[in-house]
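Everything below concerns the one structure shown next.
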Amino acid sequence: MRMVFRWFGTGNDTIELEHIKQIPGVEGVVWSLHDIPAGEEWPNEKIIEVKKQVEKSGLNIDVVESVNIHEDIKLGLPSRDRYITNYIKTIEKLAQAGVKVICYNFMPVFDWTRTELFKEMDDGSTALFFENEKIKNSDPMKLVDMISRNSSFTMPGWEPERLEHLSKLFEQYKQVTEEDLWSNLQYFLERIIPVAKENDIKMAIHPDDPPWSVFGLPRIITNKQNIQRFLNLVDDPYNGVTLCSGSLGANPDNDVADMVRKFTNRIHFAHIRNVKTYDNGDFIETSHRTEDGTVDIYNVVKSYHETQFSGYVRPDHGRHIWGERSRPGYGLNDRALGIMYIWGLWEAFKKSKSEDSVT
Ligand code: CS2
Ligand code: MN
């Protein structure tokens, strides 16, 4: 298991590389060029600039999250070929810079969706919250506006330039069924996976968050069966997943530990976090500790240990604690606690295994 930590870049994050380096066992940052619009080719100078800066702090740039996919690719429009060509060029450049894994998602319009970014919890901390009824009954345009006004940071997938086109996008997606989205994804994979393979860079799709349709938009990377279908679209080790325990765990029917075992050879990146779900479909992001949420993090980490997972792992979102002001879900403190929890479990599994073999 190789521990990494998401970092949004200078001027775009409250956290400094030097502080990330002080979290025990962290080898690298998970990064992106957040100012390059989806569909554009990433400029080499900018890639190298991040590489130099990160490596100077003693961290690596092995994992990129995300190279976002242009909506025309997801919509299957004729213009997609141009955007796929740009995507391919970006893969090649990232490989040259030493990147090993690219995480991306195939969610129409929005990335993760929540109704509150700083929901107060009983202990005074705040966390990302999803209220089912609110999503069901809201006009997405109004919700997005309200949420963005409450945050001084741009959230991934909610960039202003994308939001301007929101109503047009909703109109275009009216014609797109889940089956269309599957075939648009296949079209994309058939072009990029051979390039990824040639360049020895693993592609890792992130599940949909939450793992069900929101605002009537199709969503397909939602459960075990669909992940299996995804892997079969192009049955190649370079076509893999980012297994996110928090995204999948928002649906209590998803058994994440079981998926870890089932998809072991195709998991290139693990996102570990907990979430507490409620019967009405609401959920809140909690600390990583098993007893604070609904996902059995003990079992998830145990499954990674038993399958001898040697890929990259990061704590996912965290709460906002100890007065820290940060990007929603991406403070330093709670994610660092999450890392120590994961390491604690890992050491215990490791040592109990070697004791077993002694006795
Ligand atoms: C999120 C996403 O749960 C998560 O990891 O923060 O924004 C994620 O980075 C993207 O869906 C990956 O493409
Ligand atoms: Mn995730």
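No lab work stands behind these numbers, since they all come straight from the coordinates. Just so you know, these numbers come straight off a predicted model, no measurement behind them. Virtual Cβ from ideal backbone geometry, glycine too; neighbours counted across all protein chains shown.
Compare the peptides 176-182, 269-275, 337-343 by average per-residue count of other Cβ atoms within 10 angstrom and give them in order, highest first.
Ranked from most to least packed, the peptides come out as 269-275, 337-343, 176-182.
Which entries in LYS224/LYS262; LYS224/LYS353; LYS21/LYS89; LYS21/LYS197 show an alpha-carbon gap greater than 19 Å?
LYS224/LYS353; LYS21/LYS89; LYS21/LYS197
Please report, in Å, the Rg and the Dmax of the stretch 1-69, where both are computed over Cα atoms only.
That works out to 11.9, 36 Å for Rg and Dmax.
So what is the relative contact order of the chain, in percent, for Cα pairs below 8 Å that sit 6 or more residues apart?
RCO, the chain: 17 percent.
Give me the Kirkwood hydrodynamic radius of the stretch 23-125, using the inverse of the mean 1/r over all pairs of distinct Cα atoms, in Å to one decimal. Before the final figure, lay out the partial values.
Numbers: mean 1/r = 0.0640 Å⁻¹.
Result for the stretch 23-125 stands at 15.6 Å.
Against the globular-protein guess of 2.2 N^0.38 Å, express the Cα radius of gyration of the stretch 217-296 as a ratio, rounded to two decimals. The partial results should precede the final answer.
On the way: Rg = 13.1 Å, N = 80, 2.2 N^0.38 = 11.6 Å.
For the stretch 217-296, the normalised Cα radius of gyration comes out at 1.13.
Can you give the charge dipole size of the chain about its Cα centre, rounded to the nearest 20 debye, using +1 on the beta carbon of Lys and Arg and -1 on the beta carbon of Asp and Glu?
600 debye
Provide, for q = 0.11 Å⁻¹, the log10 of I(q)/I(0) from a solvent-free Debye sum over equal Cα point scatterers in the stretch 250-353.
For the stretch 250-353 at q = 0.11 Å⁻¹, log10 I(q)/I(0) is -0.34.
What is the projected area of the convex hull of the Cα atoms of the chain, averaged over all directions, in nm²?
In nm², the orientation-averaged hull projection of the chain is 17.6.
Could you sort the peptides 220-227, 26-33 by per-residue average Cβ neighbour count (10 Å cutoff), highest mean leading?
Per-residue Cβ counts within 10 Å, averaged per peptide and sorted highest first, yield 26-33, 220-227.
Towards the positive end of the charge dipole of the chain, with charges on Cβ (+1 Lys, Arg; -1 Asp, Glu), say which of LEU217, ASN254, ASN265 has the farthest Cα.
About the Cα centre, the residue reaching furthest to the positive side is ASN265.
Sum -39500 (n - 2.57) across every DSSP H segment of at least 4 residues in the chain, then divide by the residue count to get the 222 nm mean residue ellipticity, nearest 500.
When only DSSP H runs of four or more count, the value is -12500 deg cm²/dmol.
Quick check on the chain: of the DSSP beta bridges with both residues there, what percent are antiparallel, nearest 5%?
Looking only at bridges with both residues in the chain, the antiparallel portion is about 25 percent.
Mind checking the dipole of the stretch 66-151: about its Cα centre, +1 per Lys or Arg Cβ, -1 per Asp or Glu Cβ, Debye to the nearest 20? Please report the intermediate quantities before stating the final value.
Details: 12 positive and 13 negative charges, 99 e Å.
That gives the stretch 66-151 a dipole magnitude of about 480 debye.
For a distance above 11 Å, tell me the whole-number percent of Cα pairs in the stretch 237-279 that qualify. Don't jump to the answer; show the numbers that get you there.
Numbers: 579 of 903 pairs.
Distances greater than 11 Å cover 64 percent of the Cα pairs.
Under a point-charge model restricted to the Cβ atoms of Lys and Arg (+1) and Asp and Glu (-1), what is the dipole moment magnitude of the stretch 14-78 relative to its Cα centre, in debye to the nearest 20?
180 debye
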